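To start, the structure itself, in structure tokens.
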Amino acid sequence: MERLFDKLHAVGSERLSFAPAFTGRAFLLRRRDGNILMYSSGCIADEAVALLTHGEITRQYINHHHQAMPSCDWISERFGAPLFVPESEARTVAEQCRVGGTFSGRGFQFPDFEMISIRGHSVGSTCFLWDDGTHRYLFTEDSVYLKDDAWTAAVLKSSDRQAYVQSLGLIRELDFDVLVPSMSNGSPIQRTEPNHTKRSREWAKLGGRRARVRLLERGGAYHGCAHCCRSNI
Ligand SMILES: [Fe+2]
């Protein structure tokens, strides 16, 4: 477990089988009204003791079906935390693990925790905005991830490119100061400058002529740990 901020910890870091240079990870959101586990990791069981020191987990959220994996059931059973998934992808998720609840569109799951549909990467892609009282974190899964510290979009053959571009425009307008993607090949997060100058610059790189849009071909199984953890559920 890696403490990134007082209330945000990275957990279950794993080298990704489909992109070995990248690390995927889940995040523990330490909240007064119940901890949330964001994303998923095949190495999460390695963190059982550390997770328990921070108390129970109220819910686990995954932003799209690529993050569905058997370890979500381990979280559900070990912590009694139901898995919440996009309604439009619930059936696909259920092929990998149990679905405990669904969400769609935009709205607050809790007063400090807002879900926002960012359809494009997948039909159910959703980002989450969490305000811990000090920072506003935006969890973008791999709709926007960090490659060499640059914001990068993962456009798949199955992606809806037009919807993706619209969603990136929506993300641009959101008020946040920490980007928390599900994968990176360097720092797991990126702080944005208060005046949004850096965000504008990153946006220009992402959407401009020199866009760093990376086509990831993922075939069948999406996630998988390249033998970097003990549990590998
Ligand atoms: Fe994905």
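State all residues of region 1-45 that are acidic (Asp, Glu) and closer than 17 Å to residue 188 by Cβ; if no residue qualifies, say none.
Passing the criteria: 2, 6, 14.
Within region 70-79, can you find the residues that are in contact with a helix residue (DSSP H, G or I) (Cβ under 9 Å, 6 or more places away or on another chain) and either buried (at least 21 other Cβ atoms within 10 Å of the Cβ) or without any contact (Cβ under 8 Å) to a residue 60 or more places away in the chain (or both)?
Matches in region 70-79: 71, 72, 75, 78, 79.
Out of everything in region 55-68 that is over 12 Å from the mean Cα position of the chain (by Cα) and modelled with pLDDT of 95 or more, what residue ends up being farthest from the ligand (Cβ to nearest atom)?
We begin by selecting, within region 55-68, every residue over 12 Å from the mean Cα position of the chain (by Cα); these are 55-59.
If we keep only those that are modelled with pLDDT of 95 or more too, we end up with 57-59.
Details: 57: 22, 58: 24, 59: 20 Å.
Ranking the qualifying residues of region 55-68, first place goes to 58.
Check whether at least one residue in region 77-88 is away from the ligand (no atom under 15 Å from the Cβ), modelled with pLDDT under 95 and in contact with a Gly (Cβ under 7 Å, 6 or more places away or on another chain), and report yes or no.
No, because not a single residue in region 77-88 is away from the ligand (no atom under 15 Å from the Cβ), modelled with pLDDT under 95 and in contact with a Gly (Cβ under 7 Å, 6 or more places away or on another chain).
Cβ-Cβ under 7 Å, sequence separation 6+ or interchain: first residue in region 46-66 and part of a strand (DSSP E or B), partner within 16 Å of the ligand (Cβ to nearest atom) and of a type in the set (A, V, I, L, M, F, W, C). Which pairs?
Once the first residue is part of a strand (DSSP E or B) and sits in region 46-66, its partners that are within 16 Å of the ligand (Cβ to nearest atom) and of a type in the set (A, V, I, L, M, F, W, C) give 60/72; 61/38; 61/128.
Go through (1) more than 13 Å from the ligand (Cβ to nearest atom); (2) free of Cβ contacts under 8 Å to residues at least 60 places away in the same chain; (3) farther than 21 Å from residue 1 by Cβ for residue 190 and report which single condition fails.
(3)
So, of the residues in region 29-54 that are more than 16 Å from the ligand (Cβ to nearest atom) and within 14 Å of the chain's Cα centre (by Cα), which turns out to be nearest to residue 98 (Cα to Cα)?
Once the filter is applied, the top-ranked residue is 37.
Quick one: residue 165 ticks every box in (1) in contact with a helix residue (DSSP H, G or I) (Cβ under 8 Å, 6 or more places away or on another chain); (2) within 16 Å of the ligand (Cβ to nearest atom); (3) assigned to a helix (DSSP H, G or I); (4) β-branched (Val, Ile, Thr) except a single one, so which number is it?
If we test residue 165 against (1) in contact with a helix residue (DSSP H, G or I) (Cβ under 8 Å, 6 or more places away or on another chain); (2) within 16 Å of the ligand (Cβ to nearest atom); (3) assigned to a helix (DSSP H, G or I); (4) β-branched (Val, Ile, Thr), just (2) comes out false.
Which members of region 89-138 meet the condition of being of a type in the set (S, T, N, Q) and under 17 Å from the mean Cα position of the chain (by Cα)?
Within region 89-138, 102, 104, 109, 117, 122, 125, 126 qualify.
So how many residues does region 89-118 have that are within 23 Å of residue 190 (Cβ to Cβ) and within 16 Å of the ligand (Cβ to nearest atom)? Spell out the reasoning first.
Residues of region 89-118 within 23 Å of residue 190 (Cβ to Cβ): 112-118.
Checking which are within 16 Å of the ligand (Cβ to nearest atom) leaves us with 117-118.
Total meeting the criteria: 2.
Look through region 133-157, keep the residues that are small (Gly, Ala, Ser) and more than 10 Å from the ligand (Cβ to nearest atom), and return whichever of them is surrounded by the fewest Cβ atoms within 10 Å (Cβ to Cβ). Outline the logic, then answer.
In the first step, residues of region 133-157 are kept if they are small (Gly, Ala, Ser); the result is 133, 143, 150, 153-154.
Next, from what is left, pick out any that are more than 10 Å from the ligand (Cβ to nearest atom): 133, 150, 153.
Numbers: 133: 9, 150: 14, 153: 26.
Per the stated criteria, the residue is 133.
Among all residue pairs at least 6 apart or on different chains, which show Cβ distances below 6 Å where the first residue, located in region 152-168, is hydrophobic (A, V, I, L, M, F, W, C) and the second is within 13 Å of the ligand (Cβ to nearest atom)?
Final answer for the pair search is 154/121; 154/142; 154/216; 155/215; 163/119; 163/120.
The values are calculated or read from the model by the stated rules, or taken from the named source; none is laboratory data. Bear in mind the structure is a predicted one, so any value in this text is a computation, not a measurement. Glycine gets a Cβ as well: all are built from the backbone with ideal geometry, and neighbour counts include every protein chain shown.
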